[in-house]
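Colleague: Submitted below is the structure of interest, expressed as structure tokens.
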Amino acid sequence: MKNLFTTFAAGMAILLAAAAPICRAGLIYDNLSQASGGSDFVGQGGLVNGPLYGSFSTGAGAGVRLTDVQLLLSNAGGSSGITSIGIFNSNNGTSPPSPGALYAAIGTVSDSSLSATASVWNVSLVSPLSLAANTRYWVGLSTNNGALTKWWYASNSAGTGVTGEYFSNSNGTFQNVGNGPYQMSVSVTAVPEPSTTAMALAGLAYGCYSLVRHRKRA
């Protein structure tokens, strides 16, 4: 019985070790808690106009799945326009890097859904969006019908994943360091590497084999 327990525990240990990276989730970009320095219009209406973009980068591994994006937004009032929210590829051939082609539309927000004060707008993806590893993407906000949505920016460049990233608007593209990047959070889950998946299956099979072998001997 003791040997059975030891063998089964070893199999479960392999399974749990493999499950950790499979189930890992977290924020790869987050500066929502930083003090705000002001806001820019997604459309027309201010000295700085949209479309507005903020970049984020995925880490090493086999890629990630985007599950949730949060944005600090407000409505300037007097409009019933719609703001489109998308994920854009990065044009790394420019210096600094700039937003490229639309990768996927992930949601919309109407002016009437926002308050006059800055508040967090959550975009939760029903189907997680696959993103490549070690790749820069951009969250982009735009309107084609005069929406008066404003995206707030931080008064500093602190926060998770902020350093080394960029923001872009009608004035150009700027590095976050020394400037106030747009406030958002980006949540992902990890895509397991093939070796991790194989280790998980091996652990499960090892544990099951131990039980079957014990029952045959009993």
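The values are calculated or read from the model by the stated rules, or taken from the named source; none is laboratory data. Treat the numbers as computed from the prediction; the structure is a model and nothing was measured. Cβ: placed from backbone, ideal geometry, glycine included. Neighbour counts: every protein chain shown.
Colleague: Out of region 106-154, which residues are charged (D, E, K, R) and touching a Pro at 6+ places or on another chain (Cβ under 7 Å)?
Modeller: Going through region 106-154, the residues charged (D, E, K, R) turn out to be 111, 136, 150.
Within region 106-154, just R136 meets the criteria.
Colleague: Show me the strands (runs of 3 or more DSSP E) found entirely inside region 29-103 where at least 1 residues are touching a His at 6+ places or on another chain (Cβ under 8 Å). Give the derivation first.
Modeller: Working: elements: 36-41, 52-57, 64-75, 82-91.
In region 29-103, there are no strands (runs of 3 or more DSSP E) which contain 1 or more residues that are touching a His at 6+ places or on another chain (Cβ under 8 Å).
Colleague: Within region 85-114, how many residues turn out to be surrounded by fewer than 19 Cβ atoms within 10 Å (Cβ to Cβ), within 26 Å of A133 (Cα to Cα) and of a type in the set (G, A, S)?
Modeller: Residues in region 85-114 being surrounded by fewer than 19 Cβ atoms within 10 Å (Cβ to Cβ), within 26 Å of A133 (Cα to Cα) and of a type in the set (G, A, S): 8 in total.
Colleague: While we're looking at this one, here's another question. Can you say whether N49 is surrounded by 15 or more Cβ atoms within 10 Å (Cβ to Cβ), polar (S, T, N, Q), farther than 17 Å from S187 by Cα and at pLDDT 90 or above, as far as the supplied structure shows? Working first, answer last.
Modeller: Details: surrounded by 15 or more Cβ atoms within 10 Å (Cβ to Cβ): yes; polar (S, T, N, Q): yes; farther than 17 Å from S187 by Cα: yes; at pLDDT 90 or above: yes.
The answer is yes for N49.
Colleague: Which one is surrounded by the fewest Cβ atoms within 10 Å (Cβ to Cβ) among residues in region 178-190 that are modelled with pLDDT of 95 or more and polar (S, T, N, Q)? Lay out the reasoning, then the answer.
Modeller: Looking only at region 178-190, we keep the residues that are modelled with pLDDT of 95 or more, and these are 181-189.
Then keep just the ones that are polar (S, T, N, Q); that gives 183, 185, 187, 189.
Details: Q183: 28, S185: 22, S187: 20, T189: 16.
It comes out as T189.
Colleague: Also, quick follow-up: Quick test of your reading of the structure: G26 fulfils all but one of (1) surrounded by fewer than 19 Cβ atoms within 10 Å (Cβ to Cβ); (2) in a strand (DSSP E or B); (3) modelled with pLDDT of 95 or more. Name the failing condition by number.
Modeller: Status for G26: all satisfied but (3).
Colleague: Also, I was wondering about something else. Residue under question is T67, and the condition is that it be of a type in the set (V, I, T) and farther than 26 Å from G26 by Cβ; does it hold? Talk me through it step by step, then tell me what you get.
Modeller: On the way: of a type in the set (V, I, T): yes; farther than 26 Å from G26 by Cβ: no.
Here the answer is no, as T67 does not meet what is asked.
Colleague: Within the set of pairs 6+ apart or on separate chains, which have a first residue in region 173-194 that is among the small types (G, A, S), a second that is modelled with pLDDT of 95 or more and not in a strand (DSSP E or B), and C-beta atoms under 9 Å apart?
Modeller: That search, which allows pairs on different chains as well, returns G178/S157; G180/Q34; G180/S155; G180/N156; G180/S157; S185/N31; S185/L32; S185/G159.
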